[in-house]
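Enquirer: Take this structure first; my questions come after.
The values are calculated or read from the model by the stated rules, or taken from the named source; none is laboratory data. Model, not experiment: these values are computed from the prediction. Quick reminder, even Gly has a Cβ in these numbers, built from the backbone with ideal geometry, and neighbours come from all protein chains shown. To get the accessible areas, we keep the full protein, side chains included, count just its heavy atoms, and leave off ligands, DNA and RNA. Shrake-Rupley method; radii C 1.70, N 1.55, O 1.52, S 1.80 Å.
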Amino acid sequence: MTIENKVVVITGASSGIGEATAKLLASKGAKVVLGARRKDKLKALADEIQNAGGHAVYRVTDVVNPDDSKELVQLAKDTFGSIDVIFLNAGLMPNAPLSALKTDEWNSMIDVNIKGVLNGIAAVLPTFTSQKSGHVITTSSVAGLKAYPGGAVYGATKWAVRDLMEVLRMESAQEGTNIRTATIYPAAIHTELLETITDKNTAEGMTAMYEQYGITPDRIAKVVAFAIDQPEDTNVNEFTVGPTNQPW
Ligand SMILES: NC(=O)c1ccc[n+]([C@@H]2O[C@H](COP(=O)([O-])OP(=O)(O)OC[C@H]3O[C@@H](n4cnc5c(N)ncnc54)[C@H](OP(=O)(O)O)[C@@H]3O)[C@@H](O)[C@H]2O)c1
C-alpha cells in the first residue's frame, strides 16, 4: 500500500513542516488528520485540501495533553475507519544560553518535544500493535545529532526523540508488530520555528543563519512521503536533511 488512501495523523499541522507535509500527502491521495492548537490555521488548511479534491479533517490538539492525542487518533478512526501513519512533528525551539535561566521555556520544550511525542506514541501504539502494522514518523533535528551553544535543552529533547524512536524500532521488530519508524533530522528550514525564541541575541543569530541558508519545508514533506512510500517490509529509519550550503 503506497501513500494513496493511507490515513495519516499529523501533529504540528498548522504551519511549517506539518502544513507542507499535509498538503503534499493529501495531493498524493492520503487522508490527513490535522492536529495543533490554532483552530483558524487548521480549518484554513483543511478547507484548502478539500477544495483541491483531497480528504482532511482537523481537531484542536495540545500534544502535552495525553487525552488530546488519543482523541486525534480516534478522529482518524471515526472519520476514515483506520490509521496507518502518525507524524509526530509538533515542536518548539525557544533557544537561549543556559545562563539566561529561562526555566519555563526549558519545561515547555520538554513537555512538547518529548512528552508530546510520547503521548502520540501512547495514543497510537495499541492500534498499531493489534493491527500488526503502522508507521511512526517524528521530526527530531540536527540538534538531536550535534550539540551547539544556545541549544542545550532543545538539543536534549531532540536527542531524546532519537533514542526513543530507535528503541521503538527495535522493540517493534522483536515483538513482530511490523511497526515502521522514521526519524527526520532537519537543519535550517524556513518556518515559524524561530518565533518562539525570546532571547534577543539568540534570535538575531539564528535569524541571520536561517536567512543565509534556509530552505523551504516542502523539502521535508518530500522525505516524509518517501518514507511512507516504501514497501511495507522496508523501514527507512533516519534522514538528515538540510541546505546543501549549510556547513554545520
Ligand atoms: N524549521 C527548522 O529549521 C527545524 C529544524 C529541525 C527540526 N525542526 C522541527 O520541526 C518540527 C516542526 O517545526 P516547524 O519548523 O515546522 O515550525 P513551526 O512552523 O513553528 O511549526 C511548529 C508546529 O508545532 C505546533 N505546536 C507547538 N506546540 C504545540 C502543542 N503544545 N500542541 C500541538 N501542536 C503544537 C504548532 O502549532 P500551534 O502553535 O498551532 O499549536 C506548529 O504547527 C518541530 O518539532 C521542530 O523542532 C524544525
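Enquirer: Give me the one-decimal nm value for the distance between modelled label points at Glu175 and Ala152, 7 Å along each residue's Cα-to-Cβ direction.
Expert: If labels sit at Glu175 and Ala152, their model points lie 3.5 nm apart.
Enquirer: For the stretch 7-232, what does the relative contact order come out to in percent, with C-alpha contacts under 8 Å and a separation of six or more?
Expert: 22
Enquirer: Please get the size of the charge dipole for the chain, origin at its Cα centre, with Cβ charges of +1 on Lys and Arg and -1 on Asp and Glu, quoted in debye to the nearest 20.
Expert: 180
Enquirer: Suppose R0 equals 30 Å; then what is the FRET efficiency for Lys200 and Glu71 from their Cβ-Cβ distance, rounded to the nearest 0.05?
Expert: The computed FRET efficiency comes out at 0.20.
Enquirer: So, for the chain, what is the accessible surface per residue at a probe of 1.4 Å, expressed in square angstrom? Can you show the working numbers first?
Expert: Numbers: 11170 Å² over 248 residues.
Per-residue accessible area for the chain comes out at 45 Å².
Enquirer: Report the calculated FRET efficiency for Asp163 and Asp40 (r = Cβ-Cβ distance, R0 = 41 Å), to the nearest 0.05. Write down the numbers at each step before the final one.
Expert: Working: r = 35 Å, r/R0 = 0.86.
Given R0 = 41 Å and the Cβ-Cβ separation, E is 0.70.
Enquirer: Cross-link partners among aspartates and glutamates for Lys70, C-alpha distance below 18 Å, same-chain residues fewer than 8 apart left out?
Expert: Filter leaves Asp62, Asp78, Asp84, Asp111.
Enquirer: Turning to a different aspect of this structure: Would you mind calculating the gained length between Leu101 and Thr244 on full extension (0.36 nm times residue separation, minus the Cα-Cα distance), in nm to one decimal?
Expert: That works out to 48.1 nm of additional length.
Enquirer: Could you rank the peptides 80-87, 156-163, 233-240 by their average count of other C-beta atoms within 10 Å per residue, with the highest value first?
Expert: Ranked from most to least packed, the peptides come out as 80-87, 156-163, 233-240.
Enquirer: Same structure, new question: In the chain, what percent of the accessible surface is made up of carbon and sulfur (1.4 Å probe, ligands and nucleic acids excluded)?
Expert: Carbon plus sulfur share of accessible area: 52 percent.
Enquirer: Compute the angle between helix 218-228 and the longest alpha-carbon principal axis of the chain, please, reported from 0 to 90 degrees and rounded to the nearest 10.
Expert: Rounded to the nearest ten degrees, it is 40.
Enquirer: For the Cα atoms of the chain, what angle does the longest principal axis make with the long axis of helix 66-80, in degrees from 0 to 90, nearest 10?
Expert: For 66-80 against the chain, the angle is about 40 degrees.
Enquirer: Looking only at the stretch 51-85, which residues have a backbone nitrogen under 20 Å from a spot 7 Å from the Cα of Lys132 in the C-beta direction?
Expert: 82-85
Enquirer: Report, to two decimal places, the Cα Rg of the chain normalised by 2.2 N^0.38 Å (N = number of residues).
Expert: In units of the globular-protein estimate, the chain measures up at 0.96.
Enquirer: A further question on this structure: Step through the table entries Lys31/Lys115; Lys39/Lys132; Lys6/Lys222, compare each Cα-Cα distance with 21 Å, and write down the pairs that go over it.
Expert: Among Lys31/Lys115; Lys39/Lys132; Lys6/Lys222, the Cα-Cα distance tops 21 Å for Lys31/Lys115; Lys39/Lys132.
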